[in-house]
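The structure appears right after this line, and notes come after that.
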Amino acid sequence: MSDYSRDEMMTVAAARLLWDGCITFVGIGLPSAACNLARLSHAPGLVLIYESGTINTRPTVLPLSIGDGELAETAACVVPLPDIFSDYLQAGRIDVGFLGAAQIDRHGNLNSTVIGPYGKPRTRLPGAGGATEIAAQAKQVFIVMKASPRSFVPRLDFQTSGGHFAGRAASGARGGGPAVVVTDVGILKPQAASGELVLTVLYPGIPAEEARAAIGWPLTIAQELESMPAPTAAELAVLRALEARTAAAHRQPVRLPT
Amino acid sequence: MTEFLPLAKAIEKHVPDGASIALEGFTHLIPFAAGHELIRQGRRDLHLIRMTPDLIYDQLIGMGAARRLTFSWGGNPGVGSLHRLRDAVEQAWPRPLELDEHSHAGMAAAYRAGAARLPFGVLRGYIGTDLPAHNPRIRAVTCPYTGEALATVPALNPDVTILHAQRADRLGNVAIEGIIGAQREAGLAAKTLIVTVEEIVDELPPAMNGVLLPHFVVGVVSPCPGGAWPSYAQGRYGRDNDFYLRWDEIARDRARFSAWMGRHVLGTPGHREFLDSLRQGTA
C-alpha cells in the first residue's frame, strides 16, 4: 500500500505505539485520531480519557472540541474536571499522555505559551491547559508534532511543559517524561543517559537527510535506524472511515435553540 | 432564599463594574447569554476568571470590558486562536489586559480551595515550567509530614460566578447533566452564584449522584432558554461547531468583530432577539 499521506503515516505510527488496555489521556486533533484508530483496530480495550472528564469514552466520530457531547454520551462515566487532574493524573493512573506544542527542544521540553518575550509576545499562544501536569505526571508522554525547523528549535521562547530537563529526577515529577516524539518523517526517542532526542525510526521512502533538515538542532541519528512499515490497507480503511464519519457528522447543521 | 430574576435584572443587581466574575462551563453549558448581557450593560474593569476563556471572553475582552484575566488555556477549541484575546495581549487593543496565568490543574485546585473556604490550593504541579517565574501567585509549601515541596495557588473566590444549567426547580435547586468541568467548584467558591437555566420545573427527580447545586448556595436563577449557544446543553441542543469555525473569521478582524457585536449583541435587547437575529441572516 503506497497511496497514503504523511498525516496518515503519522497517525498510524502513533496508533501502533498504543497497547490494548493502555490508559491514555487524549488530546484533540491527531492524538484523538490515533487513539481511536488503535481502539478500533489492535487495541479494543484502550481506555480513552479526555480532560473534560469523560472516562473510557468510545466516540463513533472524532470530536472537534475536547468537550463535545459525543464524548459524554459514549463514556463509561463523566467526572468533574478537578477530579481528572487531581485523582487520575496527579495520582499516577495515566499510562500515556499525548502532547503537542508550537516548539520543542532537543530534550523534549515544550512551548505552547508565547513566541517572543512573555510580557510582550509576538505571538500569544493558548497556554498550558493540561500540558504542564501531563508532562510531569503521566507514566509516559507521547509527543506528536510535524517536523520543521520552526518547531524543533535549539532554544524555546518559553518552557510550558518539562521534558528531560536538568534536575527532573529531583523535581517531584513522578512520570517518566517523553518516551517518543512522533513526527511526519519518523520517530525520535530520548537517549537514556542524556535525554537528548535522537532519530530512531524513519518512515518508508524518507531519506535521513530530510529528517536532518527538518530539525533545528544538529540531529543525532541512531546507529541502528529502524524503518517502520507503511500503513496497511486495514489501518487505512479504519482511519479513513472514521474521518469520513467525522466529516459527515460535522456537516450536520445545528438548529439554533428556541 | 434564591431569587428568581430576568437575566438583565440579575446582572444589573449583582455585577458592578470592577467585579471579579467567573463564567464557567468546560466547552459545555457556557453561559453565553449572561456574557452578552454584561456587554449590553456596558460593564467595565472586570476581572474575568475562566479556565478556558473561549469565545465568551474573547467577546468581553474585545469589547473592552476586562482589565484582568485569570485563565489556563486561551484558544478556540479545535480551531485555533482567540483573536481578540491575542490582540489585547499583543497590541493592548482595545485596552491592556493583565494576565494571571495558570495550568488547568492549578485553576482546578484554586476553585476547590475557594469552594472549601480555604486560603490556598495545593498540588503536585507547575513542575518543569516557566509559569511560576512569571506569576508570583504560584508559590510552594513544604509538606509537614513528608517534606515534599508542593505547589500552591491562592483560592479563587469570585464576587460572582455565573453558570448555565438544564434545569432548576422552584426552590432554586439546580440540576446539571453531562460534562460539568469545574462548574460545581466555581459555583461553591462564589460570593454570589447566578444560574441561567433552560427550564424551571416544579420538581426535580431525586439527584442521587447527578450534580445538583442546592438552593441555599444558589443566589439567583434566571430562565434563559438557549442561553449556552454556541456552546451546548446536553439533551437540548448540540454544540455549534460550525459557528466556532466561523468565529475565527469574524474575530480575526477588529472592524468585522465590532460590526458583528454591534448588530447581534448591542443591537438586540435580549437573548431571544439575539438568537432571532442569527436566524435571519448571515452571522
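Residues that are within 13 Å of another protein chain (Cβ to nearest Cβ), within 20 Å of B:R112 (Cα to Cα) and under 14 Å from the mean Cα position of the chain (by Cα) within segment B:189-216 comprise just one, B:A189. With respect to the stated conditions, A:G163 is buried (at least 21 other Cβ atoms within 10 Å of the Cβ), in contact with a Gly (Cβ under 6 Å, 6 or more places away or on another chain) and either among the acidic types (D, E) or under 29 Å from B:A149 (Cβ atoms) (or both).
Rundown of residues vs (1) over 29 Å from B:V15 (Cα atoms); (2) aliphatic (A, V, I, L, M); (3) not assigned by TED's automatic domain parsing to the domain that holds B:W73, yes/no style:
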position	(1), (2), (3)
B:I127	yes, yes, yes
B:D130	yes, no, yes
B:T142	yes, no, yes
B:Q166	no, no, no
B:E177	no, no, no
B:I180	no, yes, no
B:A186	no, yes, no
B:L193	no, yes, no
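Is it the case that segment B:185-196 has a residue that's of a type outside the set (V, I, T) and assigned to a strand (DSSP E or B)? Within segment B:185-196, one or more residues are of a type outside the set (V, I, T) and assigned to a strand (DSSP E or B). Checked against (1) more than 9 Å from every other protein chain (Cβ to nearest Cβ); (2) surrounded by fewer than 24 Cβ atoms within 10 Å (Cβ to Cβ), A:V79 passes all but a single condition, namely (1). Taking the criterion of being within 10 Å of chain A (Cβ to nearest Cβ) and assigned to a helix (DSSP H, G or I), the only residue of segment B:217-241 that qualifies is B:N241. The sole residue among B:L60, B:L55 that is free of Cβ contacts under 8 Å to residues at least 60 places away in the same chain and part of a helix (DSSP H, G or I) is B:L60.
Every listed requirement among (1) within 18 Å of the chain's Cα centre (by Cα); (2) more than 8 Å from chain A (Cβ to nearest Cβ); (3) part of a helix (DSSP H, G or I) is met by B:Y244 save one, (2).
Annotation: of all residues in segment B:1-35 being assigned to a loop (DSSP other than H, G, I, E, B) and crowded, with 24+ Cβ neighbours inside 10 Å, the one that is nearest to the chain's Cα centre (by Cα) is B:E24. Across segment A:234-258, the number of residues qualifying as more than 8 Å from every other protein chain (Cβ to nearest Cβ) and either farther than 17 Å from A:L30 by Cα or in contact with a strand residue (DSSP E or B) (Cβ under 7 Å, 6 or more places away or on another chain) (or both) comes to 5. Might you let me know whether segment A:199-219 holds any residue that is touching a residue at least 40 places away in the same chain (Cβ under 8 Å), surrounded by fewer than 18 Cβ atoms within 10 Å (Cβ to Cβ) and touching a Gly at 6+ places or on another chain (Cβ under 7 Å)? There is no residue in segment A:199-219 that is touching a residue at least 40 places away in the same chain (Cβ under 8 Å), surrounded by fewer than 18 Cβ atoms within 10 Å (Cβ to Cβ) and touching a Gly at 6+ places or on another chain (Cβ under 7 Å).
Looking at B:A105, B:A133, which is the one that is within 12 Å of another protein chain (Cβ to nearest Cβ) and crowded, with 24+ Cβ neighbours inside 10 Å?
Values: B:A133 fails: crowded, with 24+ Cβ neighbours inside 10 Å.
The conditions single out B:A105.
Considering segment B:228-275, and only residues there that are at pLDDT below 95 and among the acidic types (D, E), the residue that is surrounded by the fewest Cβ atoms within 10 Å (Cβ to Cβ) turns out to be B:D242. Within segment A:138-181, if we keep just the residues that are out of contact with any helix residue (DSSP H, G or I) (no Cβ under 7 Å at 6 or more places or on another chain) and of a type in the set (K, R), the residue that is nearest to the other protein chains (Cβ to nearest Cβ) turns out to be A:R168. The single condition among (1) out of contact with any helix residue (DSSP H, G or I) (no Cβ under 9 Å at 6 or more places or on another chain); (2) surrounded by fewer than 21 Cβ atoms within 10 Å (Cβ to Cβ); (3) touching a residue at least 40 places away in the same chain (Cβ under 8 Å) that A:G195 does not satisfy is (1). Of the strands (runs of 3 or more DSSP E) lying entirely inside segment A:11-124, those containing at least 1 residues that are closer than 21 Å to B:A105 by Cβ and in contact with an Asp or Glu (Cβ under 8 Å, 6 or more places away or on another chain) are A:23-26. Note on segment B:116-130: residues that are over 19 Å from A:H107 (Cβ atoms) and either part of a loop (DSSP other than H, G, I, E, B) or within 7 Å of chain A (Cβ to nearest Cβ) (or both) amount to 7.
Residue by residue, here is whether (1) farther than 16 Å from B:F71 by Cα; (2) touching a Phe, Trp or Tyr at 6+ places or on another chain (Cβ under 8 Å); (3) surrounded by 13 or more Cβ atoms within 10 Å (Cβ to Cβ) holds:
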{"residue": "B:P119", "(1), (2), (3)": "yes, no, no"}
{"residue": "B:R124", "(1), (2), (3)": "yes, no, yes"}
{"residue": "B:P144", "(1), (2), (3)": "yes, no, no"}
{"residue": "B:V153", "(1), (2), (3)": "no, yes, yes"}
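Determine which single condition A:D95 fails, assuming it passes every other condition in (1) surrounded by 24 or more Cβ atoms within 10 Å (Cβ to Cβ); (2) of a type in the set (D, E); (3) more than 11 Å from chain B (Cβ to nearest Cβ). Every listed condition holds for A:D95 apart from (1).
The values are calculated or read from the model by the stated rules, or taken from the named source; none is laboratory data. Quick caveat, the model's predicted, so the values are computed rather than measured. All Cβ positions, glycine included, derive from the backbone under ideal geometry; neighbour counts span all protein chains shown.
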